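For reference, the structure is listed below as structure tokens.
The values are calculated or read from the model by the stated rules, or taken from the named source; none is laboratory data. Keep in mind it's a predicted model, so treat the numbers as computed, not measured. When we count neighbours, we look across all protein chains shown, and the Cβ atoms used for this are built from the backbone with ideal geometry, even at glycine.
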Amino acid sequence: MLDPLILKAISVGFGLLFLLAAIHKFSARQQFRVILEEYQLLPQGLVGPTARVIPVVEMILGGGWLFVYRPTLISVASAILLALYTAAIGVNLYRGRIHIGCGCSIAGSDENDQQLSFGLIVRNCALVAIALIAVFPAGTRELGVLDYITLLSVLLAGALLYATANQLLINGAAIGTWRNKHD
């Protein structure tokens, strides 16, 4: 059984992650559509509808995490969506198409979008594993004041680690591009 604090941290963390990702995609619809098209995985006629559906799915998943609605279903659906993203990245890396932005920037700026890299696959696999932890049942203890302070600290630390990892991926891609131009 999971400690309810762990489940709460995973739920709030993924809820915020998916909601922020959906908001970014809603606010940059055309850019997201172009990125989705650049992946070259869908027939041209499905790119537009898919670009409209993905942020809605992310919004539903974010709300499901935050409101702890059907946690097993939300956990598995999140893992599947993240695994699909990972597979799309992997296919394009295999094709040598590393110049594409991943479309996963939640910073609100497409210039900070990461280029495809193996690091994104590692990050997404870690997210899939964490999402699937929520499948396990939680204990029944009540959360106290100290637990909520710990929760806030864990969420802050998690957000900082996620942002740091993303920035390292962005920097690594920029350094790689610079090196290729100067060799």
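So the values come out like this:
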| read-out | value |
| --- | --- |
| Leading residue by the ranking (modelled with the lowest pLDDT) among those in the stretch 1-38 that are buried (at least 20 other Cβ atoms within 10 Å of the Cβ) and among the aromatic types (F, W, Y) | F32 |
| Identity of the residue in the stretch 80-103, out of contact with any Phe, Trp or Tyr (no Cβ under 7 Å at 6 or more places or on another chain) and modelled with pLDDT under 90, that ends up surrounded by the fewest Cβ atoms within 10 Å (Cβ to Cβ) | H99 |
| Filtered residue count, the stretch 1-58, keeping only those that are within 21 Å of A88 (Cβ to Cβ) and assigned to a loop (DSSP other than H, G, I, E, B) | 6 |
| Which listed residue, of V68, V76, V53, is surrounded by 15 or more Cβ atoms within 10 Å (Cβ to Cβ), at pLDDT 95 or above, farther than 28 Å from A174 by Cα and β-branched (V, I, T) | V76 |
